[in-house]
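Heads up, the thing below is written out as structure tokens.
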Amino acid sequence: MFDLIIRGGQVLDGTGRPARALDVGVRDGVISAVEPHLEAEAGEVIDATDRTVTPGFVDVHSHYDGQATWDDLLEPSTPHGVTTLLMGNCGVGFAPVRPADHHELIELMEGVEDIPGAALSEGITWGWESYPEYLDLLATRHWAVDVGTQLPHGPLRSYVMGTARAGDAATPDDLAQMARLTREAIEAGAYGFTTSRTLGHKSLDGRPVPGTYAQSEELLALGRAVVAGGGGVFEVAGSGLAPADDADTTRAELDWMGQLASATGLTTTFIVLQCDDAPTRWRTEMDRAADWRRRGARVVPLIAGRPFGIIWNWEVRHPFSFKDSYRAIAGLPLPERLDQLRRPEVKAAILSEPDVYRFLGEERHGERFARTLARCYSMVGTPDYEQPPEETLGAKAERRGVSVWEVAYDELLRDDAVLLLALYNYSDGDHTALWEQLQDPDAILGLDDGGAHYASICDASIPTYLLTHWVRDRTRGPRIELADAVRRLTSQPADLYGLHDRGRIEVGLRADLNVIDTDGLTLGMPVAVADLPAGGTRLLQGATGYDATVVAGQVTRRKGVDSGTRPGRLIRH
């Protein structure tokens with residue numbers, strides 16, 4: 001007798017091997033049988049005829065550090081087949097912390113990851129100081145997915161050195177304390193350590209993330225502490241994301257990561273994004289990482305698989321937010337606001353006012369922001385993240401003989417329309433760079449950011465994008481094989497973090513599974529939903545085609561709808 005049998009599906013086991021017609025039997029949260037014809041009885045049988053059965057997806061870059069303390073569903077990731085999440089990314093998080101410094105960490109997270117401070121202040125259920133105490137609180141929570149953590153550099157440095165000194169060079173005593181607390185956090189169950197060296201990562205008051213300028217001695221000491229505690233991963237948001245970096249800086253960044261990996265045996269991971277100001281720099285980064293791997297040091301790129309950009313519509317941020325005539329109607333309910341926005345006199349008033357927008361922490365005016373706006377694309381009905389240059393707002397404005405502001409205004413008035421500004425990974429006007437990044441078999445899909453940038457992006461849907469656009473629908477270049485896409489979402493990230501009990505469909509492993517209509521799988525449009533604490537708004541993006549998602553043998557979603565079961569727990573390395 002099984003608790004669950006998934007019968008008649010094409011099983012992709014997560015290793016990259018081709019699909020096989022197999023039944024999967026589950027008992028006590030574990031895969032107990034994988035056979036061609038499993039005739040036994042079960043408490044529930046899922047008919048997977050004409051469906052693909054995969055392991056549950058593993059998301060290693062989620063930023064749910066605050067949300068995990070108040071939310072048990074952890075959307076927007078869970079609608080996209082994700083069954084395990086890792087957080088604590090980019091050197092920011094909420095432990096360790098003294099009670100007097102709660103606000104400092106909220107401002108740091110708000111500045112770096114664009115999570116509304118009001119939502120964090122109202123939503124977080126504080127009750128810890130040390131990192132082990134943070135994990136103990138999380139261990140009382142039940143979610144729709146399993147959640148693992150990493151120790152972030154920013155809170156650690158602030159805790160040891162104080163807010164006033166957190167940007168200074170660490171003294172030997174500081175290093176000793178940080179190393180001790182790092183080992184303590186890893187021994188308590190954190191999977192690794194994360195740091196940010198990205199100059200654009202700043203607190204609300206403009207301060208960089210503590211650790212941004214940390215010297216190699218500090219990074220090596222912390223890496224050794226991770227090893228001493230039993231951890232395996234050192235994640236870096238590198239300085240290569242800063243626009244002004246040159247090739248020498250890029251090589252130096254990859255070399256210290258390689259030296260750390262070589263000296264400690266850790267896997268170092270680093271974020272790779274194509275930047276418009278240096279559109280080929282990502283190749284230098286990935287080539288350098290590959291050189292280190294050939295020498296035996298595990299230096300692994302984290303890639304996005306999709307243009308990394310900003311979503312605009314009337315319910316979140318948009319290009320007209322700071323115009324006085326728009327502000328006069330901004331408080332109206334959306335239907336009434338749209339009625340006003342469609343009035344010729346309102347449109348004329350808004351378009352006649354000075355062009356200004358606060359963008360990426362600075363104010364941009366007139367032509368400067370018009371150039372940014374000209375690069376945007378409109379998405380209506382079906383999200384298309386690989387549109388040709390002739391579909392940009394700038395190209396449409398040129399064809400119509402009007403300003404790009406007018407085109408943006410008109411496009412936003414189309415039903416359910418959003419504007420997409422591709423900040424990264426779209427310098428070529430297509431997915432060429434992303435395709436080349438995906439040819440690196442060691443590159444990890446790991447920039448979904450489900451718990452961050454609530455009102456700007458919705459990249460938690462990248463797993464579904466991989467299975468739809470990259471596997472099935474792409475027309476502007478080559479595609480990837482379904483079996484390899486599933487490998488990248490399952491066994492590869494699981495292996496990276498030593499999650500050897502999941503990521504594959506194999507007897508004895510955890511029963512985290514997806515049943516997917518891969519032919520009918522569809523990605524929805526980003527929509528704004530005001531469901532955060534303190535009434536905050538975020539973007540959600542759903543999908544159709546996930547018949548079932550199973551966590552620890554329990555069905556957590558059926559036909560895309562949350563079942564209400566919460567088998568997910570804190571996982572410790």
How many percent of Cα pairs in segment 376-522 exceed 20 Å?
58
Nearest 20 debye, what's the magnitude of the dipole of the chain about its Cα centre given +1 on Lys and Arg Cβ and -1 on Asp and Glu Cβ?
440
For segment 8-106, with all protein chains present and a 1.4 Å probe, just round the carbon and sulfur fraction of the accessible area to a whole percent.
48
Computed log₁₀ I(q)/I(0) - Debye formula, equal Cα scatterers, no solvent, segment 239-356, q 0.16 Å⁻¹:
-0.75
Can you tell me the dipole magnitude for segment 378-490 around its Cα centre, using point charges on the Cβ only (Lys, Arg +1; Asp, Glu -1), in Debye to the nearest 20?
180
Which of these values of semi-axes √(5λ) of the Cα gyration tensor in Å was calculated from the structure shown: [x] 40, 35, 18; [y] 35, 31, 23; [z] 45, 34, 25?
[y]
If the cut-off is 24 Å between C-alpha atoms, which lysines fall inside it for K323, apart from same-chain ones fewer than 8 positions away?
K347, K396
Selected from A483, G206, A290, residue furthest toward positive end of dipole (the chain; charges at beta carbon)
A290
When all protein chains stay in place, what accessible area (Å², nearest 10, 1.4 Å probe) is found for V529?
50
Using every Cα-Cα pair within segment 1-86, state what percent have a distance larger than 17 Å.
56
Mind checking the per residue accessible area of the chain for me, 1.4 Å probe, whole number of Å²?
37
Counting only the heavy atoms of the protein chains, how much of R98 is accessible to a 1.4 Å probe, in Å² to the nearest 10?
100
Rounded to one decimal in Å, the inverse mean reciprocal Cα-Cα distance for segment 111-261, i.e. its Kirkwood radius, is 16.4
Accessible-area ranking of L199, L351, largest first, probe 1.4 Å
L199, L351
Would you please state the base-10 log of I(q)/I(0) at q = 0.18, 0.27, 0.30 1/Å for segment 127-180, with intensities from the Debye formula using one equal scatterer on every alpha carbon?
-0.68, -1.09, -1.22
For segment 494-573, give the percent of accessible area contributed by carbon and sulfur heavy atoms, probe 1.4 Å, rounded to a whole number.
50
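The values are calculated or read from the model by the stated rules, or taken from the named source; none is laboratory data. The shown structure was predicted, so the numbers you read here are calculated from the model rather than taken from an experiment. Neighbour counts run over all protein chains shown; Cβ positions are idealised from the backbone, glycine included. Quick note on the areas: whole protein, heavy atoms, side chains included, nothing else; ligands and nucleic acids left out. Shrake-Rupley method; radii C 1.70, N 1.55, O 1.52, S 1.80 Å.
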